[in-house]
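First comes the structure, then the notes that go with it.
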Amino acid sequence: MRIGLLADLHANRQATEACLAALARAGCQRWVFLGDLVGYGADPEWTVDCVRAHVERGALAVRGNHDAALGDEAANTVNADIRATARWTRERLDGPQRAFLESMPLMIEDADRLYVHASAWEPDQWAYVSNPLAAKRSLAATTRWLTLCGHVHAPALYYEQGHSVSHFEPRPGVPIPLSSQRRWLAIPGSCGQPRDGNPAAACAWFDTDARQLCFLRVPYDHARSAAAIRAAGLPAAFADRLERGT
Amino acid sequence: MPVKLQPGMTIGGFTLVEPLHEGGMSRLWSVTHPDHTMALLMKLPRIDYGEAVSQVVSFEVERMLMPMIDGEHVPRYVASGEYEDQPWLVMQRMHGETLQPLLERLPLAAERVAAIGAMTALALEDLHHQRVVHLDVKPGNVLLQADPRDGSERAVLLDFGLSHHADLPDLLAEQFHVPMGTAPYIAPEQVLGVRDEPRSDLFALGVTLYQLATGKLPFGAPAGTAGMRRRLHDEPPAPRQLNPAVPRWLQEIILRCLEVDPDRRHASAAQLAFDLQHPDQVPLTSRADRLGGRGPLARALHWLSALGTRATIERKKAVATRGAPLIMTAIDLKQTNRALDDALRDMTTRIVQTAADSRLACVTVLRVARIGIEPTLDIEGRSRHVKRLIALRDWARSLPLEEHRITFHVLEASEVADALIDYARSNRIDQLIMGARGVTGVRRMLGSVSSRVVAEANCTVTVVRAGRESAAEQAPGPEPTESKPASEQ
């Protein structure tokens, strides 16, 4: 069984559609959404509906900080642009859509895998797993063999190496066999707001039979997503960064 | 507890037939499977072996990496898994023998050393193309086998337990505080922990060739890390000092492989193979004539530069596995179109200048009536051959290339296209440049050489035209035979 993995969709309809299509072409039949469906982007209703429809058909989804921020102003960031976008997003979503975001759990354990938006040690504190030490701490907080998370927007693979944890920058499109003799933590990268200088949307698949993980980069019509952000009157910086991938 | 293995036992669907090798690190069994007709080998590492955590990781590396590589220079991966706690891996069982038995009959003749070296270098080139550095090249890990189809000999690389794949997490990096490799053969940068340098394999192959040519190991067989580090500054005795029968060109090649600084070695395995296949074209330097070590002053300077190298090596990250292309320009000395000649020279210049480590082979074909009668043996044939060589050198005179980056070759063949395609294939040429012939009556009847080369050569082919041909020349003629598109690129 091949599982499609999407993280940090950020209300970017074009990127989400492109990733879902690319993963379906790669043979994915199950779906996991690793949080932050909304925030930054101009299509929150479509994105929430899309994920909710997948979940109704058996997909799994965990809550991200942007999803949580809609219901809880105190948890919100100090960044005024992000705060304003959260308010705008809340007004756009109807009751059932907001209820869906609130219903998503912080963590899901599925066979030998753990799905969480940020760290496994305090999933509601939104720590960034952005270096080997953080990855080591997150791996120490779970017994599962493979942790899949988001929050950090750059694709990354961490793996236990003796008593420490090492970092690997994956090459898109190359399936990586994950040895069962050590534990792994993988970040597919952001679907809706890539920040590593490459504007193509990021996602990944994991094959439960072959025990292989493959990171993908999917070019999409980012100009259209950026135009939607500008047309909605959201901060122009959010549109600009989609075109630069920063 | 280790699994007790017995003939007839089944592991992962494979039936154990007989033990082939019971080593300290792993056990090898021949196995069969109803779905596979080829000969199979199962490798089972010893997991009961006290100290060797690295062995367990090595096997993990091999299980990750082998499914990612293929081709005729590596055993084919079949399956892997775990039986209770015992991991196992099944691969194709290769026929042939490793270089190990040859070590009983050293030294070998220079021609045989070069042939073995070239075959191994071509196998390494294939591996490096797949973004893998072997990192444990030694006689026991190079197997020679005859192709069952035509009897031609080739090298197969074994044991990928220390290898590095550029697209996979490196499970051995920074984990162990001892150098990972085999002491007599390990490259200096590998002693320092660098694991992504393809030219480390050229060093190890150089040690192997040194051993085959002289019967001695250039750096001995040191037991500890300190002993291995000595190769960062110690210079081995020159091969010709140990065996005067070693020709200068072979000493040049071997000592170049053994340079401390990877930048001073051959730029790629294909370039090393090229030199080993064309002894008369090896650019000789002071390495060729070195006898004994360098003087004390030279040695001190060498030590200082080695120190610098060490600093460079420690900083350098992720050397590209590709690069250093072999370029071949096919030159038709008979053709008289000056504009086409200039265009071919311009294109060659442009392409060799884009890669600093590229090398150029200028090739022409001398048509002979038929092959098989040693045409160069007769005096007339010999002089025609020499005339072509002189003309080739003249053709290349104005190219802005240092002498050691360019070689000249006159091929004798009855079919031009076949000769060029064969040459490009056997020399691992990356890009072939040739001129398009005009639309003449002959071409109309026979088809062009360039179109056959484009269709059949296994490398990039660039077909050069002299400026833009007029629309009238390019337009399809009245007869259907002329409707072939003008662009052959």
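The values are calculated or read from the model by the stated rules, or taken from the named source; none is laboratory data. On a predicted model such as this, the values are computed, not experimentally measured, just so you know. Cβ coordinates were reconstructed from backbone atoms using ideal geometry, including for glycine residues, and neighbour counts include every protein chain displayed. Each accessible area value is taken on the protein alone, full model and side chains, heavy atoms only, with ligands, DNA and RNA left out. Shrake-Rupley method; radii C 1.70, N 1.55, O 1.52, S 1.80 Å.
Filtering region A:151-180 down to residues that are open to solvent by 50 Å² or more (accessible area, probe 1.4 Å) and under 17 Å from A:PHE206 (Cα atoms), which residue is farthest from the chain's Cα centre (by Cα)?
A:SER180
If you go through region A:153-162 one residue at a time, do you hit one that is more than 14 Å from chain B (Cβ to nearest Cβ), in a loop (DSSP other than H, G, I, E, B) and either touching an Asp or Glu at 6+ places or on another chain (Cβ under 7 Å) or not small (Gly, Ala, Ser) (or both)?
Yes: region A:153-162 contains one or more residues that are more than 14 Å from chain B (Cβ to nearest Cβ), in a loop (DSSP other than H, G, I, E, B) and either touching an Asp or Glu at 6+ places or on another chain (Cβ under 7 Å) or not small (Gly, Ala, Ser) (or both).
Can you find, within region B:116-148, the residue that is nearest to the other protein chains (Cβ to nearest Cβ) among those that are among the polar types (S, T, N, Q) and closer than 13 Å to B:PRO75 by Cα?
By that ranking, first place goes to B:ASN141.
Return yes or no: is B:ARG149 of a type in the set (D, E, K, R) and either outside the structural domain of B:LEU205 (by TED's automatic domain parsing) or crowded, with 17+ Cβ neighbours inside 10 Å (or both)?
no
Only one of (1) among the aliphatic types (A, V, I, L, M); (2) away from every other protein chain (no Cβ under 14 Å); (3) surrounded by 13 or more Cβ atoms within 10 Å (Cβ to Cβ) fails for B:ALA109. Which number is that?
Going through the list (1) among the aliphatic types (A, V, I, L, M); (2) away from every other protein chain (no Cβ under 14 Å); (3) surrounded by 13 or more Cβ atoms within 10 Å (Cβ to Cβ), B:ALA109 breaks only (3).
For region A:168-185, does any single residue satisfy the condition of being facing chain B (nearest Cβ under 8 Å) and at positive phi?
Looking through region A:168-185, none of the residues is facing chain B (nearest Cβ under 8 Å) and at positive phi.
With respect to A:SER190, is the statement that it is touching a Ser or Thr at 6+ places or on another chain (Cβ under 6 Å), open to solvent by less than 20 Å² (accessible area, probe 1.4 Å) and more than 14 Å from every other protein chain (Cβ to nearest Cβ) true?
So A:SER190 fails the test.
Being in contact with a Ser or Thr (Cβ under 6 Å, 6 or more places away or on another chain) and modelled with pLDDT under 95 is the filter here, so list the residues in region B:243-266 that pass it.
Residues satisfying the conditions are B:VAL260, B:ASP261.
Within region B:395-417, how many residues are more than 10 Å from B:LEU366 (Cα to Cα) and among the hydrophobic types (A, V, I, L, M, F, W, C)?
7
I'd like to know if region B:52-64 contains one or more residues that are farther than 21 Å from B:ASP170 by Cα and in contact (Cβ under 8 Å) with a residue 12 or more places away in the chain.
No, the conditions are met nowhere in region B:52-64.
Does any residue in region A:82-106 that is in contact (Cβ under 8 Å) with a residue 24 or more places away in the chain come within less than 6 Å, Cβ to Cβ, of a residue that is open to solvent by 50 Å² or more (accessible area, probe 1.4 Å) six or more places away or on a different chain, and which pairs are these?
As it stands, the answer is A:PHE100/A:ARG52; A:GLU102/A:GLY71; A:MET104/A:ARG63; A:LEU106/A:ARG63; A:LEU106/A:ASP124, since those pairs meet every condition given.
Here's a check for you: in region B:319-345, which residue that is assigned to a helix (DSSP H, G or I) and in contact with a strand residue (DSSP E or B) (Cβ under 8 Å, 6 or more places away or on another chain) is nearest to B:GLN130 (Cα to Cα)?
B:LEU344
Is there a residue in region B:464-471 that is of a type outside the set (Asp, Glu), modelled with pLDDT of 90 or more and closer than 17 Å to B:ILE331 by Cβ?
Within region B:464-471, one or more residues are of a type outside the set (Asp, Glu), modelled with pLDDT of 90 or more and closer than 17 Å to B:ILE331 by Cβ.
Scanning region A:126-150 for residues that are closer than 24 Å to A:THR208 by Cα and open to solvent by 10 Å² or more (accessible area, probe 1.4 Å), which turns out farthest from the other protein chains (Cβ to nearest Cβ)?
Filtering region A:126-150 for residues that are closer than 24 Å to A:THR208 by Cα and open to solvent by 10 Å² or more (accessible area, probe 1.4 Å), the one farthest from the other protein chains (Cβ to nearest Cβ) comes out as A:ALA141.
Scan A:ALA204, A:ALA210, A:ALA227, A:ALA239 and give me the residue that is more than 13 Å from chain B (Cβ to nearest Cβ) and surrounded by fewer than 22 Cβ atoms within 10 Å (Cβ to Cβ).
A:ALA227
Look through A:LEU6, A:LEU34 and report the one residue that is among the aliphatic types (A, V, I, L, M), in contact with a helix residue (DSSP H, G or I) (Cβ under 7 Å, 6 or more places away or on another chain) and open to solvent by less than 20 Å² (accessible area, probe 1.4 Å).
A:LEU6
Can you tell me which of B:ASP280, B:ASP263 is over 25 Å from B:TYR423 (Cα atoms) and surrounded by fewer than 16 Cβ atoms within 10 Å (Cβ to Cβ)?
The match here is B:ASP263.
Could you grab the pairs with beta carbons closer than 9 Å, sequence gap of 6+ or different chains, first residue in region B:76-104 and without any contact (Cβ under 8 Å) to a residue 12 or more places away in the chain and in a strand (DSSP E or B), second one surrounded by fewer than 18 Cβ atoms within 10 Å (Cβ to Cβ) and among the polar types (S, T, N, Q)?
Partner pairs satisfying both residue conditions: B:GLU82/A:SER180; B:GLU82/A:GLN181.
Considering every residue within region B:83-93, establish whether at least one is more than 14 Å from chain A (Cβ to nearest Cβ) and surrounded by fewer than 19 Cβ atoms within 10 Å (Cβ to Cβ).
yes
Could you list, in sequence order, the residues of region B:149-192 that are farther than 27 Å from B:GLN92 by Cα, touching a residue at least 24 places away in the same chain (Cβ under 8 Å) and within 14 Å of chain A (Cβ to nearest Cβ)?
Hits for region B:149-192 are B:GLN175, B:PHE176, B:VAL178.
Looking at (1) touching a strand residue (DSSP E or B) at 6+ places or on another chain (Cβ under 9 Å); (2) open to solvent by 20 Å² or more (accessible area, probe 1.4 Å); (3) among the charged types (D, E, K, R); (4) away from chain B (no Cβ under 14 Å), which is the only condition A:ARG113 fails?
Only one criterion in (1) touching a strand residue (DSSP E or B) at 6+ places or on another chain (Cβ under 9 Å); (2) open to solvent by 20 Å² or more (accessible area, probe 1.4 Å); (3) among the charged types (D, E, K, R); (4) away from chain B (no Cβ under 14 Å) is unmet by A:ARG113, namely (2).
Could you check, for region B:341-355, whether at least one of its residues is among the aliphatic types (A, V, I, L, M), at pLDDT below 80 and farther than 15 Å from B:GLY435 by Cβ?
no
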